[in-house]
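J.: Below you will find the structure I want to go over with you.
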Amino acid sequence: MSKRLVVTPNIEEVNSLVEGKGWSKAYFSETVMKKSRGWITEWKRAKNFPSPEEAVRMCVMLQTTPEEILTEQADIELVRGLLEQEREKGIKKDPIPKDEAVSPAAQEILDFLDSASGEELADVIKYIRYLKSQRG
């Protein structure tokens, strides 16, 4: 049985980026990355490192680069190449994960904004400005 290909993450930097998004490590692992709750914690024990494809997803979801989240040059080059392939295909960023703390109405707005066209967004902005002016 062959071992799966993994990359070596910069644990401190990933933790910092996750916290910068206002997420816990458990939330990021479980909800954003669809992994076990303690996935990032396992890295400290040199277990269950991310695959190159998971590193690509981390780059997208954390809005960062392979250079920031990986430690080995060969890993960085591999993941950078995969990111470029995804961009050429037209990478589809996952919507922001649903957070139970967001009201259903706010979530509906976020879901709409995630899929809206430029013209629809311009209309939304006009309506928001109108509503703000009515508060006066």
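J.: Is it the case that region 35-53 has a residue that's surrounded by 13 or more Cβ atoms within 10 Å (Cβ to Cβ), at pLDDT 90 or above and either in contact with a His (Cβ under 7 Å, 6 or more places away or on another chain) or among the aliphatic types (A, V, I, L, M) (or both)?
T.: Yes.
J.: Those residues that are surrounded by fewer than 10 Cβ atoms within 10 Å (Cβ to Cβ) and modelled with pLDDT of 75 or more, I need them from region 105-124; list them, please.
T.: Across region 105-124, the qualifying residues are ALA105, SER117, GLY118, GLU119.
J.: Six or more apart or on different chains, Cβ under 6 Å: which pairs go from a residue in region 45-63 that's closer than 15 Å to LEU5 by Cβ and free of Cβ contacts under 8 Å to residues at least 60 places away in the same chain to one that's of a type in the set (D, E, K, R) and open to solvent by less than 70 Å² (accessible area, probe 1.4 Å)? Could you list them?
T.: Filtered contacts from region 45-63: ASN48/GLU42.
J.: Does region 27-34 contain any residue that is among the small types (Gly, Ala, Ser), without any contact (Cβ under 8 Å) to a residue 40 or more places away in the chain, loosely packed, with under 15 Cβ neighbours inside 10 Å and over 17 Å from GLY81 (Cβ atoms)?
T.: No; the residues of region 27-34 include none that is among the small types (Gly, Ala, Ser), without any contact (Cβ under 8 Å) to a residue 40 or more places away in the chain, loosely packed, with under 15 Cβ neighbours inside 10 Å and over 17 Å from GLY81 (Cβ atoms).
The values are calculated or read from the model by the stated rules, or taken from the named source; none is laboratory data. A quick note: this is a predicted structure, and the numbers were derived from the prediction, not measured. All Cβ positions, even for glycine, are placed from backbone atoms using ideal geometry, and neighbour counts span all protein chains on display. The accessibility values were calculated without ligands, DNA or RNA, using every heavy atom of the protein model including side chains. Shrake-Rupley method; radii C 1.70, N 1.55, O 1.52, S 1.80 Å.
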